[in-house]
Amino acid sequence: MTGSQTLADLYLRLSDFRADDADSFPAREAGLRARAADYGWAVHRVITENDVAEDGSRKPASAYKRQRVTGPDGRPLMRYGRPVYRVLRPGWQQVLTDLGTGAATAVLAEDLDRVARDPRDIEDLIDAVAACGGHARSLSGSLMLTDGGGSDQLAMARVMCTMAAKASADTSRRVASSRERLAGQSYQGGRRPFGYQHDPDAPDGAKTLVVVEAEAGVIREAAADILDRGISLKAVARGLRDRRVPTVTGTAWTASTLRDVLSKAAVAGLASYKGELRPAPWPAILDRDVWERLTGLFDSRKTGTSPEPRWLLSGYATCGPCGARPPERCCCG
């Protein structure tokens, strides 16, 4: 293109959330800015995908899964009688809008597979670049569209996107196979559950967790408050906030957060895979019976039903000396 200086959107996206990625954005942005300067492009804006959530916590790339697409009328978009599913990335949609409206006339990313792994996504980019007669490039050289894209460049972009889609599908299949093989034998990864931390000495293929005693005490106390003392989830969560007990992510305790912590199979020394519970290689914080009582209570509240009592006259009879009602603990033990 000739004339005024090219304005470029710089697009950053995490493909996976690893510890070494946590603070890598500044350096990666600097690399994009340096390449844009080499091209003589001015930076219109930097768009970062998968950086942080609204509450300030880190957001993994897996937060962007295929979702059902709705039309302008709010109804599901259909094709051949079936709902349409796409990976909806707000940041990438901003890039396409900038190109389509001419607010920017170039986009620069680190690699093509950071931009598109779905052939539909690459077609969206091709249309947007053609609309403004602009450019799309990557640091790796896997994406190169100039002045709207020539026929050879368009063909190569489509081929590279197809290869990226296949590589992603192959990786997904291998990961799923590994998870199934190691279910119950190794921790599947991700953010640590409250009450545990990753065992740094565990070998690959046998990852496990070790108990954080201070957090485990919080879990046991909360379970006793809810099951034995009849204290609500909201009240227990409020008490944790008042005591400034930190969560794993550093956000404030809520009834929902507390329920999620207590409902995790991990706290009962179990691993869950596709709805199946298996003994896990880490110690339990709660006895399985206690955990099942908690999850049963939570499920009954969601459905509006009452759990079947395990004790005769449960909820009616009281202990004479202390007034406790089964299943509450009483002075009789």
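Using alpha carbons only, the radius of gyration of the range 198-254 set against its Kirkwood radius gives Rg/Rh = 1.11.
Per-residue extension of 0.36 nm, minus the Cα-Cα distance of ALA255 and SER168, leaves a gain of 27.6 nm for this segment.
Computed over neighbours whose Cβ is under 13 Å from that of ARG137, the net charge equals -3, Lys and Arg +1, Asp and Glu -1. Rounded to the nearest 0.05, the FRET efficiency derived from the C-beta distance between LEU139 and GLN93 at R0 = 25 Å is 0.70. Whole-Hz Karplus values for the range 253-263 come out as 5, 10, 4, 5, 4, 5, 4, 4, 4, 6, 8 Hz, taken residue by residue from phi with 6.51 cos²θ - 1.76 cosθ + 1.60 and θ = phi - 60°; glycine and proline positions read x. Near the amide H of GLU49, within less than 5 Å, lie the amide hydrogens of LEU12, ARG13, LEU14, all on another chain or at least 5 residues away, with H placed in the peptide plane.
A DSSP coil position with no more than 12 other Cβ atoms inside 10 Å describes the following trypsin sites (Lys or Arg not before Pro) in the range 253-292: LYS274. Grab the other residues whose beta carbon is less than 14 angstrom from that of TYR39, score K and R as +1, D and E as -1, and report the net. Residues close to TYR39 contribute a combined charge of 0. A straight chain from SER300 to SER263 at 0.36 nm per residue would run longer than the Cα-Cα distance by 12.0 nm. Charged neighbours of GLN197, selected by a Cβ distance under 15 Å, balance to 0 (K, R count +1; D, E count -1). What the Cα convex hull of the range 209-304 gives, in volume per residue, is 108 Å³. Between THR146 and ARG278, what FRET efficiency comes out of the Förster formula 1/(1 + (r/R0)^6) with R0 = 51 Å and r the beta carbon distance, rounded to 0.05? Efficiency computed from Cβ-Cβ geometry: 0.40.
Once the chain from TYR39 to GLU123 is taken as fully extended at 0.36 nm per residue, the excess over their C-alpha distance is 27.8 nm.
Applying 1/(1 + (r/R0)^6) with R0 = 30 Å to the Cβ-Cβ distance of VAL245 and HIS198 gives a FRET efficiency near 0.90.
Reported to the nearest whole Å, the Cα centre-to-centre distance from the range 64-94 to the range 124-170 is 22.
For ILE285, the residues 5 or more places off, or on other chains, whose built amide H falls under 5 Å of its own are ALA268, GLY269.
Values in this text are rule-based calculations from the coordinates and carry no lab data. Not measured: the values here are computed from a predicted model. Please note: Cβ atoms are built from the backbone with ideal geometry, for glycine as well, and neighbour counts cover all protein chains shown.
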